[in-house]
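Beneath this line is the structure, given in structure tokens, with notes to follow.
No lab work stands behind these numbers, since they all come straight from the coordinates. These figures come from a predicted structure and were not determined experimentally. Methodologically, a virtual Cβ is constructed for each residue, glycine included, from the backbone with ideal geometry; neighbour enumeration extends over all protein chains shown.
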Amino acid sequence: MTAQKYILGIESSCDDTSAAVLLGKKVLSNVTANQSVHEIYGGVVPELASRAHQQNIVPVVDTALKKAGISASQLDGIAYTRGPGLMGSLLVGGSFAKSMAQSLNIPIIGVHHMEAHILAHLIEDEGFPNPPFPFLCLTVSGGHTQIVRVDSPNHFELLGETLDDAAGEAFDKAAKVMGLPYPGGPVIDQLAKDGNLEAFTFGKPKIEGLNFSFSGLKTSFLYTVQKGVKDDAAFIEKNKHDLAASIQHTIVEVLMKKLEKAAKQTNIKHIAIAGGVSANSGLRSALLEQGHKKGWHTYIPPFSYCTDNGAMIGITGLLKLETGETGNMQQSSQARWQM
Ligand code: KG4
Ligand code: ZN
């Protein structure tokens, strides 16, 4: 048996600087620095994001190594997010990873961010079973909404994706309309717990096949709020729980309908969710409920592997390394990158 490898995973595609150390498929440390600088702008400001990554990357990597109880010289490889994402942010993690790998003379692996969200399901973590191949994954984040058939760590088939806004964006934009802080998804989730999910109805997208659309829903939500505020200036405050519960319910319903369709079409019964929005309590319980009804095996990641994290980059790097798919110093970061 070959010795298990120590892998450092570095994530810097958007506004979180994260680093993790894995030994084989087990996570020894997973450290994330969130950037609060964007809150007052109601969204991520790319220039500020890359500057914050520059400030955070050294302490975050250092802490990840310390928490794992190893020194950099023990690492067998470094994986980083090569794309897709904000170019300025990707470049910080990418250049740091490359120079560190070069100085240690170990392999470097450039990882696809969305593949990593999915492969986080292969991390060995007690109480969280790993899905067997093939499985379906609904990947829902701030930038993407996809249904993917996963046949191996190197083979992904995109079955459907959003034609406009991502599911996370729909949450964030609804929150913004209500004057809630960024990112709005977790805030909506919290408010929704005490709301009536049938209090408001919004126009649902009518898209064929397995693709999604969320821009119409966003407009429908905006009109509902604008009309409410016109009649009563305190409309949002009075209805915040119901508004949150209703928009969350609608987004989850749209996602689940397509997931059910994909499961039926492919006849795959191992169904996973991944990405920041997979932390949503409404989506998590809807998946469990549908899984129970349809006889699916469902896979929901631990909260720490839902939103952007270094561990998912580390596991993807390890799986690529095991199949001999390493990267090289010449590979450049890619803001846009098809899976
Ligand atoms: O995967 P992620 O951390 O970053 C991207 O790759 O985009 O996803 C961030 C998105 C944001 O839109 C955020 O509002 C959403 O995930 N999110 C949630 C929840 N936690 C994070 N949306 C709904 N409910 C949550 N609990
Ligand atoms: Zn992400």
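Charges were assigned to the Cβ only: +1 to each Lys and Arg, -1 to each Asp and Glu. The resulting dipole of region 135-300 about its Cα centre is roughly 300 debye. Report the antiparallel proportion of the DSSP beta bridges in region 33-192 as a percent, rounded to a multiple of 5. Counting only bridges with both partners in region 33-192, antiparallel ones make up about 70 percent.
Rounded to the nearest 10 degrees, the inclination of helix 235-266 to the longest alpha-carbon principal axis of the chain is 60 degrees.
Taken along its principal axes, the alpha carbon cloud of the chain reaches lengths of 66, 45, 32 Å, longest axis first. Using Cβ point charges alone (K and R +1, D and E -1), the dipole size of the chain about the Cα centre works out to roughly 360 debye. Here's the list of aspartates and glutamates a cross-link from Lys176 could span, going by alpha-carbon distance under 13 Å and ignoring same-chain residues fewer than 8 apart: Glu39. Contact order for the chain, expressed relative to its length and based on alpha carbon pairs under 8 Å spaced 6+ residues apart, stands at 25 percent. Summarising the strand pairing of region 135-300, around 60 percent of its internal DSSP beta bridges are antiparallel. If I fit a long axis through the Cα atoms of helix 167-177 and take the longest principal axis of the Cα atoms of the chain, what angle between them do I get, 0 to 90°, rounded to 10? Orientation of helix 167-177: about 50 degrees from the principal axis. Among all stretches of the chain without exposed trypsin sites (Lys or Arg not before Pro) (DSSP loop, at most 14 other Cβ atoms within 10 Å), which one is longest? By the stated rule (loop sites, at most 14 other Cβ atoms within 10 Å), 1-192.
Per residue, the convex hull spanned by the alpha carbons of region 260-305 comes to 70 Å³. Note on the chain: GNM, Cα springs under 10 Å; of Asp164, Asp308, Asp231, the largest mean-square fluctuation is that of Asp231. When both bridge partners sit in the chain, DSSP labels roughly 60% of those beta bridges antiparallel. Within the same chain, lysines fewer than 8 places from Lys206 are excluded, and of the rest, those with a Cα less than 18 Å from its Cα are Lys218, Lys257, Lys258, Lys261. Working note: Cα atoms of region 135-300, range along each principal axis, descending, whole Å: 53, 28, 25. Measuring max minus min along each principal axis, the C-alpha atoms of region 24-95 give extents of 40, 21, 20 Å (largest first).
Per-residue ellipticity at 222 nm computed for the chain from its helices equals -14000 deg cm²/dmol, with DSSP H segments shorter than 4 residues left out and the rest contributing -39,500 (n - 2.57).
Helix 310-322 axis versus longest C-alpha principal axis of the chain: approximately 50°, rounded to the nearest ten. Test of understanding: in a Gaussian network model of the chain with alpha carbons linked when under 10 Å, which of Ala244, Ala263, Ala19 would top the mean-square fluctuation ranking? The residue with the greatest mean-square fluctuation here is Ala263.
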